[in-house]
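Here's the structure, in structure tokens; my notes come after.
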Amino acid sequence: MRTLAQAIDMHGIDVDEHLDRDATVPIGAGLQRQGDVIVVPTRMARTVREAKTPVPRTGVAVVRGENGGNTHLLLAADGQVFYDPGAPRAGELDLGVLAVADGATAYLAHPEHGYAGIAPGSYVLRRQREQADVIRVVAD
């Protein structure tokens with residue numbers, strides 16, 4: 001496992017100053033979350049397709065920062081990592097599918113959240129959506 005400082009040096013994606021550069025970046029194989037991105041092992045997902053497109057050295061933006069927000073960037077380390085984005089549809093929360101080969105590690109990098117490591121396996125990346133409380137008015 002790498003420290004946050006080592007991950008930053010390896011990929012060149014810096015994070016906010018308040019994050020501890022000496023902290024070890026965990027590498028998970030189960031359900032995990034980074035901000036509004038959820039990493040779901042395919043064994044827990046309803047629909048599954050195989051990822052076939054290699055993640056380039058520069059990474060892939062899984063969620064682009066909008067209105068001053070920051071991008072969640074998918075990065076490959078120590079081997080082959082594949083990601084195929086889903087075709088965006090109204091109301092669809094699946095962002096795409098991810099495959100991390102044996103011996104490889106994928107990272108999600110985000111300036112405010114740091115790095116999250118993803119172990120070998122197959123995953124679906126999903127967006128988490130906040131829903132406001134709804135007030136319902138019922139007519140007599």
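For segment 1-53, give me the residue count where each residue is among the polar types (S, T, N, Q), part of a helix (DSSP H, G or I) and either exposed (fewer than 14 other Cβ atoms within 10 Å of the Cβ) or under 16 Å from the mean Cα position of the chain (by Cα) (or both). Result for segment 1-53: 1.
Select from segment 113-140 the residues that are among the aliphatic types (A, V, I, L, M) and in a loop (DSSP other than H, G, I, E, B) and write down the one among them that is modelled with the highest pLDDT. Write out each step before concluding.
Step one: list which residues in segment 113-140 are among the aliphatic types (A, V, I, L, M), which gives 116, 118-119, 124-125, 132, 134-135, 137-139.
Keeping just the survivors that are in a loop (DSSP other than H, G, I, E, B) gives 119, 132, 134-135, 137-139.
On the way: Ala119: 97, Ala132: 57, Val134: 55, Ile135: 52, Val137: 48, Val138: 46, Ala139: 44.
The extreme case among them is Ala119.
For Val63, are the conditions met, namely being surrounded by 15 or more Cβ atoms within 10 Å (Cβ to Cβ), out of contact with any helix residue (DSSP H, G or I) (no Cβ under 9 Å at 6 or more places or on another chain) and either modelled with pLDDT under 90 or among the small types (Gly, Ala, Ser) (or both)?
Values: surrounded by 15 or more Cβ atoms within 10 Å (Cβ to Cβ): yes; out of contact with any helix residue (DSSP H, G or I) (no Cβ under 9 Å at 6 or more places or on another chain): yes; either modelled with pLDDT under 90 or among the small types (Gly, Ala, Ser) (or both): yes.
Considered against the rule, which asks whether it is surrounded by 15 or more Cβ atoms within 10 Å (Cβ to Cβ), out of contact with any helix residue (DSSP H, G or I) (no Cβ under 9 Å at 6 or more places or on another chain) and either modelled with pLDDT under 90 or among the small types (Gly, Ala, Ser) (or both), Val63 comes out as yes.
For segment 100-112, which residues satisfy the criterion of being open to solvent by less than 10 Å² (accessible area, probe 1.4 Å) and in a loop (DSSP other than H, G, I, E, B)? The answer is Ala104, and nothing else.
Is it the case that segment 33-40 has a residue that's touching a Gly at 6+ places or on another chain (Cβ under 6 Å) and within 10 Å of Tyr115 (Cβ to Cβ)?
Restricting attention to segment 33-40, the residues satisfying the condition of being touching a Gly at 6+ places or on another chain (Cβ under 6 Å) are none.
Checked segment 33-40: no residue is touching a Gly at 6+ places or on another chain (Cβ under 6 Å) and within 10 Å of Tyr115 (Cβ to Cβ).
The values are calculated or read from the model by the stated rules, or taken from the named source; none is laboratory data. All figures in this text were calculated on a predicted structure; none of them were measured in a lab. Backbone-built Cβ (ideal geometry, glycine too); neighbour counts: all protein chains shown. Just so you know, the surface numbers come from the protein's heavy atoms only, side chains and all, with ligands and any DNA or RNA stripped out. Shrake-Rupley method; radii C 1.70, N 1.55, O 1.52, S 1.80 Å.
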